[in-house]
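The values are calculated or read from the model by the stated rules, or taken from the named source; none is laboratory data. The model shown is predicted, which means the values in this text are computed figures rather than measured ones. Cβ placement follows ideal geometry from the backbone for every residue including glycine, while neighbour counts extend to all protein chains displayed.
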Amino acid sequence: MEYQLENSHPAYIKINVKGYLTKTGMLTAILEVMKHPDYHHKHSFWDCTDAMMGMSIFDLMEIVEIFKSYKPQGENFANKIAVLISGNMNMAIMEIFTPMTISLPFHFKAFTTQDDLEKFLSS
């Protein structure tokens, strides 16, 4: 799994992900995003259109736990996390993952079009 952070948009940090998504790779990328100086002020846009998700339910649960431990202090922070995906398998994994995040102070949502994703991040 390869990823690259882009910080050029005023509303979000974009993470371009390529290759086969693994728990270890995702945890590394998530921690880097959460340590970014603009993390509290910008939403997260994960572009996974060039990636294939292959994580188990246990992997997804561990990722949720990471989000729990790294939540920003206070009520006011950029709390939207949007994932742009393609493919039925990726959508199926996101349909499992998204309900697991209900107790988090983040709003996760998966999209198949960038227009819809950007509307979500800007609303």
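Report whether or not Gly87 is surrounded by 13 or more Cβ atoms within 10 Å (Cβ to Cβ), of a type outside the set (D, E, K, R), on the phi > 0 side of the Ramachandran plot and touching a strand residue (DSSP E or B) at 6+ places or on another chain (Cβ under 9 Å).
On the way: surrounded by 13 or more Cβ atoms within 10 Å (Cβ to Cβ): yes; of a type outside the set (D, E, K, R): yes; on the phi > 0 side of the Ramachandran plot: yes; touching a strand residue (DSSP E or B) at 6+ places or on another chain (Cβ under 9 Å): yes.
Yes.
Checked against (1) hydrophobic (A, V, I, L, M, F, W, C); (2) touching a residue at least 60 places away in the same chain (Cβ under 8 Å); (3) exposed (fewer than 15 other Cβ atoms within 10 Å of the Cβ), Ala92 passes all but condition (2).
Every test in (1) out of contact with any Cys (no Cβ under 8 Å at 6 or more places or on another chain); (2) closer than 27 Å to Ser8 by Cβ is passed by Pro99 save one, and that test is (2). Scanning the range 26-65 for residues that are charged (D, E, K, R) and within 23 Å of Ser123 (Cβ to Cβ) gives Asp38, Lys42, Asp47.
Residues considered: Asp38, Asp47. Of these, the only one that is within 27 Å of Lys119 (Cβ to Cβ) and surrounded by fewer than 15 Cβ atoms within 10 Å (Cβ to Cβ) is Asp38.
Quick one: is Leu60 of a type in the set (A, V, I, L, M), assigned to a helix (DSSP H, G or I) and touching a helix residue (DSSP H, G or I) at 6+ places or on another chain (Cβ under 8 Å)? Let's see the steps before the verdict.
Numbers: of a type in the set (A, V, I, L, M): yes; assigned to a helix (DSSP H, G or I): yes; touching a helix residue (DSSP H, G or I) at 6+ places or on another chain (Cβ under 8 Å): yes.
For Leu60, the condition - of a type in the set (A, V, I, L, M), assigned to a helix (DSSP H, G or I) and touching a helix residue (DSSP H, G or I) at 6+ places or on another chain (Cβ under 8 Å) - is met.
Checked against (1) out of contact with any strand residue (DSSP E or B) (no Cβ under 9 Å at 6 or more places or on another chain); (2) modelled with pLDDT of 95 or more; (3) among the basic types (Lys, Arg), Lys23 passes all but condition (2).
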